[in-house]
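Notes to accompany the following structure.
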Amino acid sequence: MRAREKLAALERGGSAEHPIVVTSSAVIEIRVSHSTCPQCQGEYRIVDHTAPAAGRRRVDVRCQLCGTPRTLWFSIVPDEPS
């Protein structure tokens, strides 16, 4: 179980240093709903969604199946036309 937690922390979104990049805050909840718990593959329920800095989101979630809490990190980078 500890090995899965360490691997989850290294994946995109597992830490503030390696956030999941999105183009808008509107898609964050959608991305969370398509993410699964590394422990049991259960779906997440959002507990809290905060903006600790501009363009950065911290989303605290809990697995609906096994109850494992996790924090997912997102970076908002608007898709601007070139």
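Consider the range 57-82 and keep the residues that are part of a loop (DSSP other than H, G, I, E, B) and either without any contact (Cβ under 8 Å) to a residue 24 or more places away in the chain or touching a Phe, Trp or Tyr at 6+ places or on another chain (Cβ under 9 Å) (or both). The one that is least open to solvent (accessible area, probe 1.4 Å) is 67.
Please go through the range 7-22 and pick out each residue that is open to solvent by 40 Å² or more (accessible area, probe 1.4 Å) and in contact with a strand residue (DSSP E or B) (Cβ under 7 Å, 6 or more places away or on another chain).
12, 21
When residue 29 is tested against the conditions (1) within 25 Å of residue 2 (Cβ to Cβ); (2) outside any loop (DSSP other than H, G, I, E, B), the lone failure is (1).
Checked against the criterion of being open to solvent by 80 Å² or more (accessible area, probe 1.4 Å), within 17 Å of residue 79 (Cα to Cα), at pLDDT below 95 and hydrophobic (A, V, I, L, M, F, W, C), the candidates 54, 26 yield just one match: 54.
Scanning the range 32-51 for residues that are assigned to a strand (DSSP E or B) and either over 25 Å from residue 3 (Cβ atoms) or open to solvent by 70 Å² or more (accessible area, probe 1.4 Å) (or both) yields 43, 45, 46, 47, 48, 49, 50, 51.
The values are calculated or read from the model by the stated rules, or taken from the named source; none is laboratory data. All values derive from a computational prediction rather than experimental measurement. Heads up, the Cβs are rebuilt from the backbone with ideal geometry, glycines too, and the neighbour counts pull from every protein chain shown. Surface areas here come from the heavy atoms of the whole protein model, side chains and all, with no ligands, DNA or RNA. Shrake-Rupley method; radii C 1.70, N 1.55, O 1.52, S 1.80 Å.
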